[in-house]
1. For Ser41, state whether it is closer than 18 Å to Asp9 by Cα, in a loop (DSSP other than H, G, I, E, B) and in contact with a helix residue (DSSP H, G or I) (Cβ under 9 Å, 6 or more places away or on another chain).
2. Looking only at segment 78-102, count every residue that is modelled with pLDDT under 95 and among the charged types (D, E, K, R) and tell me the total.
3. Just to be sure, is Asp31 part of a helix (DSSP H, G or I), open to solvent by 50 Å² or more (accessible area, probe 1.4 Å), at pLDDT 95 or above and not hydrophobic (A, V, I, L, M, F, W, C)?
4. Can you report the number of residues in segment 96-122 which are farther than 19 Å from Cys17 by Cβ, open to solvent by less than 50 Å² (accessible area, probe 1.4 Å) and of a type in the set (A, V, I, L, M, F, W, C)?
5. When Ala72 is evaluated against the numbered criteria (1) surrounded by fewer than 19 Cβ atoms within 10 Å (Cβ to Cβ); (2) touching a strand residue (DSSP E or B) at 6+ places or on another chain (Cβ under 6 Å); (3) under 14 Å from Cys17 (Cα atoms), which criterion, by number, is the only one it fails?
6. Residues in segment 44-56 that are open to solvent by 30 Å² or more (accessible area, probe 1.4 Å) and either at positive phi or not in a loop (DSSP other than H, G, I, E, B) (or both): how many?
7. Looking at Asp84, Asp63, Asp25, which is the one that is out of contact with any helix residue (DSSP H, G or I) (no Cβ under 6 Å at 6 or more places or on another chain) and either closer than 20 Å to Met120 by Cβ or part of a strand (DSSP E or B) (or both)?
8. Determine whether Asp67 is open to solvent by 60 Å² or more (accessible area, probe 1.4 Å) and either of a type in the set (Asp, Glu) or touching a Cys at 6+ places or on another chain (Cβ under 8 Å) (or both).
Amino acid sequence: MNQADLAKDLKVSAQLCRMAYQALDDKQGIDIKVLDIHEVSILADYFIIAHGNNPNHVRAMIDEVEDKLVEAGYSPASIEGYADGTWVLMDFGRIIVHVFHKEARLFYDLERIWSDGRTMDPAELPTA
């Protein structure tokens, strides 16, 4: 893949990330973090991490992300943990969305584990 294709792919990833971030924010996601991991992992370009107050809040955020991204033409490859609602992972290939119940987020501490990635200000993400 050449540099131009890579830059185009990263722009698409960033746009997906912005849509997911906005969906989480619309549902009052708590402490939403965007981690740019494209230089440290082949898993994805971005992780989005947030938490909710209870399992129903977590599921509402996941539903909103799925609705917004599917509406834009992007379906998740998988969604794990939805029934339990303590840690739900949505894999969109280029971006992975993690939504936790607060205690689970503190326990797993993905921000520390992925600290080699760059925490981004969502304002840095392109709109379209």
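The values are calculated or read from the model by the stated rules, or taken from the named source; none is laboratory data. Keep in mind the model is a prediction, meaning the values are calculated, not measured. Cβ: placed from backbone, ideal geometry, glycine included. Neighbour counts: every protein chain shown. Heads up: the accessible areas ignore ligands, DNA and RNA and are worked out on the full protein's heavy atoms, side chains in. Shrake-Rupley method; radii C 1.70, N 1.55, O 1.52, S 1.80 Å.
1. Working: closer than 18 Å to Asp9 by Cα: yes; in a loop (DSSP other than H, G, I, E, B): yes; in contact with a helix residue (DSSP H, G or I) (Cβ under 9 Å, 6 or more places away or on another chain): no.
So Ser41 does not fit the description; no.
2. Of the residues in segment 78-102, 3 are modelled with pLDDT under 95 and among the charged types (D, E, K, R).
3. On the way: part of a helix (DSSP H, G or I): no; open to solvent by 50 Å² or more (accessible area, probe 1.4 Å): yes; at pLDDT 95 or above: yes; not hydrophobic (A, V, I, L, M, F, W, C): yes.
So Asp31 fails the test.
4. 1
5. Answer for Ala72: the failing condition is (2).
6. Within segment 44-56, residues that are open to solvent by 30 Å² or more (accessible area, probe 1.4 Å) and either at positive phi or not in a loop (DSSP other than H, G, I, E, B) (or both) number 2.
7. On the way: Asp84 fails: either closer than 20 Å to Met120 by Cβ or part of a strand (DSSP E or B) (or both); Asp63 fails: either closer than 20 Å to Met120 by Cβ or part of a strand (DSSP E or B) (or both).
On inspection, the qualifying residue turns out to be Asp25.
8. Working: open to solvent by 60 Å² or more (accessible area, probe 1.4 Å): yes; either of a type in the set (Asp, Glu) or touching a Cys at 6+ places or on another chain (Cβ under 8 Å) (or both): yes.
The answer is yes for Asp67.
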